[in-house]
Amino acid sequence: MENITKITILGHDYLIKSDETSDQVQEVANFLNSRFEEINESAKGLSERKTAILAAFHIANDYFQLRREQRDFLAEYSRRSETLINQIDSVLGSVVPRNERVQDSG
């Protein structure tokens, strides 16, 4: 179900049609406004357009950084899981004969 939420960004009102709740849409708008304010404080005198482009660049950079961190985390998680599986198999191999181990059917 689409919701329509009125938000204000850089002093301009917009009606946003979204499947997200009004609270979620407002949270995104608040986030954008805070990023715009950060940029305006550090680079005074920029036009709204340049502020929006710079904010979009910073947000995209943050997004790609999080993707890299997630990829690295998943690789490390996979590596550790494989190590644990090998250790368990090693212990089971010395305790349970190979033909009595539970087989993975998948």
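Assorted remarks:
- A simple charge model with +1 on the Cβ of Lys and Arg, -1 on the Cβ of Asp and Glu and nothing else charged puts the dipole of the chain at about 360 debye relative to its Cα centre.
- Rounded to 10°, Cα long-axis angle of helix 48-95 versus longest principal axis of the chain: 10 degrees
- In this calculation the C-beta distance from ASP62 to LEU15 is compared with R0 = 30 Å, giving a FRET efficiency of 0.65.
- Peptides 47-58, 73-84 ordered by average Cβ neighbours within 10 Å, highest first: 47-58, 73-84
- FRET efficiency, ARG71 to SER34 (Cβ-Cβ, R0 30 Å, nearest 0.05): 0.65
- Sum of side-chain charges, LYS17 neighbourhood, beta-carbon under 12 Å (Lys, Arg +1; Asp, Glu -1): -2
- Furthest towards positive pole of dipole, HIS58, ASN33, ASN3, structure part the range 1-72, Cβ charges: HIS58
- Stretch gain in nm, segment LEU46-ILE88, where the contour uses 0.36 nm per residue and the Cα spacing is subtracted: 9.1 nm
- Rh by Kirkwood over Cα pairs, then Stokes-Einstein D for the chain at 0.692 mPa s and 37 °C, µm²/s: 177 µm²/s
Readers should treat all values here as calculations from the given coordinates under stated rules, not as data from a laboratory. The shown structure was predicted, so the numbers you read here are calculated from the model rather than taken from an experiment. In this analysis, Cβ positions are derived from the backbone assuming ideal geometry, glycine residues included, and neighbour counts consider all displayed protein chains.
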